[in-house]
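K.L.:
Provided herewith is a single structure, encoded as C-alpha cells, for subsequent inquiry.
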Amino acid sequence: MPEKNGLEVLKETKSINPRIDVVVMTAFGNIDDAVGIMKSGAYDYLTKPIDLDELENLINRIGEKRVLIDENKQLRNQLQEKFKFDSIISQSGKMEDVLNLAGRVANSKATVLVRGESGTGKELIAKAVHFASNRSEKPFVTVNVAALSENLMESELFGHEKGAFTGAIGSRIGRFEEANGGTLFIDEIGDVPLNVQVKLLRAIQFGEVQRLGSNETKKIGVRIVAATHRNLENMMELGDFREDLYYRLNVVTINIPTLRERKEDISLLVEYFIKKYSEINDKQVKSISREALDKLMKYNYPGNIRELENIIERSVILCRGEVIAEDDMPLQLEISYEKSLMDPHDFEKNYDDKMKAFESEMIEEALNRSNGNQSAAARELGISERHLRSRLERLGLKNNKK
C-alpha cells in the first residue's frame, strides 16, 4: 500500500470508529507481528495465502458477535427505559420526594441506604438509581443476604478459591468482583452477621476484597446500594450491627413510604397490574368495579405493593368478564378490613364505621352464645329485647340462628 502500511491503517481506522471490526491479512506469520496486530485493535488476522473457508468462518464469527452486541445494547436500553424514574408509577407527594432524592444522588459515588417495609419497592428504586447514573452501562448485581446461610454469604459476596472449603471444587468470583465498575445492591443488609460485617466494611472502606482461601486482595470499584426493613439504630444499641458500617452505608438514606401512606397511587397501580396480568394470562380484563376499588382503597396492605400485585393477579385470573368485581377478590381483604375496624390503634377508618363494627361484633357474639335467642342475647348485653331488635334493624344484621 502506498504511504501507509497495514498496521497504520488499522490504528487510524480504530481511532475514527473503535466499533469497526478489522481483520488483517498479512504475509508475515511470526508471533511478534500477531501480538502487535491484536494490540492495535484487530479482531483477528490471517496469513497469506488466504484460506477462503477460514475467512468465511471468521466473517461469520464477527457477524454473530455484532448481533450479540446489538442485542445487549437493545436490552440495556430497554432496562434503562423500564427503570428510569418517570417509569415508576406514582402521583403521591411522598413518592415524588423519594424519586427526587434518588435522582439527585444517582450520579454521585455516595453509598445509598434504601429503607422501607417489605414489598415497598426498594430494589426498584435501587435499579432506578443505577440506570440514571454514569455506571448504567456497567453491571447491576443483586445479592439478597437474607436468603443465604452465614457460610455461603461470605463466599457469595467475596468469592472463593478452589479447596477453600468442603465442596469448593473450583474458583468463583464474588458479587463484588462481578459488579466491578457498576452497582452492587445488597438487599436486607440488616441480616448480615457481625463477622461478615467486618469484611463488608473493609470492602466498602478500602475498595478491595479477598476471596476465601486466598491471600491476594483485589481492588474493585463498586457503588453500594443497600436496603433493609429493619431498625438498624436499635440493632446498633443491642450490638447486632456495627456502628462504623452503619455510617459507611448511611451516607444518603432514601425512606420509601408504605402503600397505606400513598393510597392515591393505588388506582394507578391497579390499572397497571390489570393490564400486565391480562396480557400475561391472555385475558380480556380491562378495569375494576367501583365497589371493588373502594374495597382496595380501604385495605391496609401489610405486604405493600407486592401484596396489591398479588391480589390483582389473582383477581384477573378469576374474573369472568372485562371488569373485576368484589367477588373476584380474595376473602382476606374482607377479614383484614374487619380487623382494622376493630383495632383501636388504627385511625384509617372513621369513628362511626369503627363504632358500628364494634357494636355489630358484640351483638353477633351475644346471639351466638344464646343460639339465636334474642331475649337471652339482650340479657347478655344488658339491654332490652326491644332495644336489641332496634339495633339489629339499624345495623342491617340478621339473626341467622332464629
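The values are calculated or read from the model by the stated rules, or taken from the named source; none is laboratory data. The model shown is predicted, which means the values in this text are computed figures rather than measured ones. Counting neighbours? That spans all protein chains shown, and the Cβs are built from the backbone with ideal geometry, glycine included. Just the protein is used for accessible areas: all its heavy atoms, side chains included, with ligands, DNA and RNA removed. Shrake-Rupley method; radii C 1.70, N 1.55, O 1.52, S 1.80 Å.
K.L.:
Quick one: in the range 96-109, of everything that is closer than 11 Å to I254 by Cβ and in contact (Cβ under 8 Å) with a residue 40 or more places away in the chain, which residue is most open to solvent (accessible area, probe 1.4 Å)?
P.N.:
Of everything passing the filter in the range 96-109, L101 is most open to solvent (accessible area, probe 1.4 Å).
K.L.:
Count, please, the residues in the range 11-29 that happen to be more than 43 Å from the chain's Cα centre (by Cα), modelled with pLDDT under 80 and within 30 Å of L68 (Cβ to Cβ).
P.N.:
The total comes to 2.
K.L.:
Could you please find all residues in the range 231-270 being part of a helix (DSSP H, G or I), open to solvent by less than 40 Å² (accessible area, probe 1.4 Å) and more than 30 Å from D294 (Cβ to Cβ)?
P.N.:
L232, M235, L245, Y246, L249
K.L.:
Just one of N60, N72 is modelled with pLDDT of 85 or more, out of contact with any Asp or Glu (no Cβ under 6 Å at 6 or more places or on another chain) and part of a helix (DSSP H, G or I); which is it?
P.N.:
It is N60.
K.L.:
Then there's this: Have a look at R262, R223 and point out the one that is closer than 24 Å to I125 by Cβ and touching a His at 6+ places or on another chain (Cβ under 8 Å).
P.N.:
Sole residue among the options that is closer than 24 Å to I125 by Cβ and touching a His at 6+ places or on another chain (Cβ under 8 Å): R223.
K.L.:
Let me ask something else. So if I check each of M362, M355, which one is touching a helix residue (DSSP H, G or I) at 6+ places or on another chain (Cβ under 9 Å), modelled with pLDDT of 75 or more, open to solvent by 40 Å² or more (accessible area, probe 1.4 Å) and in a helix (DSSP H, G or I)?
P.N.:
Every option except M362 fails the conditions.
K.L.:
Looking at the range 159-199 only, could you name the residues that are more than 19 Å from the chain's Cα centre (by Cα) and under 24 Å from H229 (Cα atoms)?
P.N.:
P193, L194, N195, V196, Q197, V198, K199
K.L.:
Right, another one. For residues in the range 298-324 being in contact with a strand residue (DSSP E or B) (Cβ under 8 Å, 6 or more places away or on another chain) and outside any helix (DSSP H, G or I), which is surrounded by the most Cβ atoms within 10 Å (Cβ to Cβ)?
P.N.:
Here the residue is I324.
K.L.:
Could you look through the range 236-251, keep only residues that are in contact (Cβ under 8 Å) with a residue 12 or more places away in the chain and of a type in the set (F, W, Y), and pick out the one that is nearest to P193 (Cα to Cα)?
P.N.:
The selected residue is F241.
K.L.:
Give the residues of the range 283-297 that are touching a Ser or Thr at 6+ places or on another chain (Cβ under 9 Å), open to solvent by 30 Å² or more (accessible area, probe 1.4 Å) and within 14 Å of E313 (Cα to Cα), sorted by residue number.
P.N.:
Answer for the range 283-297, where residues must be touching a Ser or Thr at 6+ places or on another chain (Cβ under 9 Å), open to solvent by 30 Å² or more (accessible area, probe 1.4 Å) and within 14 Å of E313 (Cα to Cα): Q284, K286, I288.
K.L.:
Looking at (1) of a type in the set (S, T, N, Q); (2) modelled with pLDDT of 85 or more; (3) touching a Gly at 6+ places or on another chain (Cβ under 8 Å); (4) over 29 Å from E117 (Cβ atoms), find the lone condition where S390 falls short.
P.N.:
For S390, the failing item is (3).
K.L.:
Go through the range 112-132 and count every residue that is over 16 Å from H229 (Cβ atoms) and open to solvent by 10 Å² or more (accessible area, probe 1.4 Å).
P.N.:
3
K.L.:
Going residue by residue through the range 153-163, is there one that turns out to be in a strand (DSSP E or B) and either in contact with a Pro (Cβ under 6 Å, 6 or more places away or on another chain) or of a type outside the set (A, V, I, L, M, F, W, C) (or both)?
P.N.:
Yes: one or more hits.
K.L.:
Against the conditions (1) closer than 18 Å to Y246 by Cβ; (2) in contact (Cβ under 8 Å) with a residue 12 or more places away in the chain; (3) outside any strand (DSSP E or B), where does G181 fall short? Just the number, please.
P.N.:
Every condition holds for G181 apart from (1).
K.L.:
Also, I was wondering about something else. Looking at the range 175-194, which of the residues that are over 14 Å from L249 (Cβ atoms) and either modelled with pLDDT under 90 or among the charged types (D, E, K, R) (or both) is most open to solvent (accessible area, probe 1.4 Å)?
P.N.:
E178
K.L.:
What are the pairs with Cβ atoms under 8 angstrom where one residue, in the range 192-215, is within 18 Å of S171 (Cβ to Cβ) and the other, located anywhere, is among the charged types (D, E, K, R) and part of a loop (DSSP other than H, G, I, E, B)? Sequence gap at least six, or different chains.
P.N.:
Q210/E216; R211/E161; L212/E161; G213/E161; G213/K162; S214/E161
K.L.:
In the range 149-174, what count of residues is obtained for those that are in contact (Cβ under 8 Å) with a residue 40 or more places away in the chain and open to solvent by 30 Å² or more (accessible area, probe 1.4 Å)?
P.N.:
Number satisfying all stated conditions: 7.
K.L.:
Can you spot a residue in the range 211-222 that is within 18 Å of N144 (Cβ to Cβ), under 25 Å from the mean Cα position of the chain (by Cα) and either of a type in the set (A, V, I, L, M, F, W, C) or assigned to a strand (DSSP E or B) (or both)?
P.N.:
Taking every residue of the range 211-222 in turn, at least one turns out to be within 18 Å of N144 (Cβ to Cβ), under 25 Å from the mean Cα position of the chain (by Cα) and either of a type in the set (A, V, I, L, M, F, W, C) or assigned to a strand (DSSP E or B) (or both).
K.L.:
What pairs come out if I take residues in the range 287-315 that are on the phi > 0 side of the Ramachandran plot and pair them with residues that are of a type in the set (D, E, K, R) whose C-beta lies under 8 Å away, six or more apart or interchain?
P.N.:
Y301/R260; Y301/E307; N304/E117
K.L.:
Right, something else. Given the conditions (1) modelled with pLDDT under 95; (2) aliphatic (A, V, I, L, M); (3) surrounded by 15 or more Cβ atoms within 10 Å (Cβ to Cβ), report the number of the one that V198 does not fulfil.
P.N.:
With (1) modelled with pLDDT under 95; (2) aliphatic (A, V, I, L, M); (3) surrounded by 15 or more Cβ atoms within 10 Å (Cβ to Cβ) applied to V198, the lone miss is (3).
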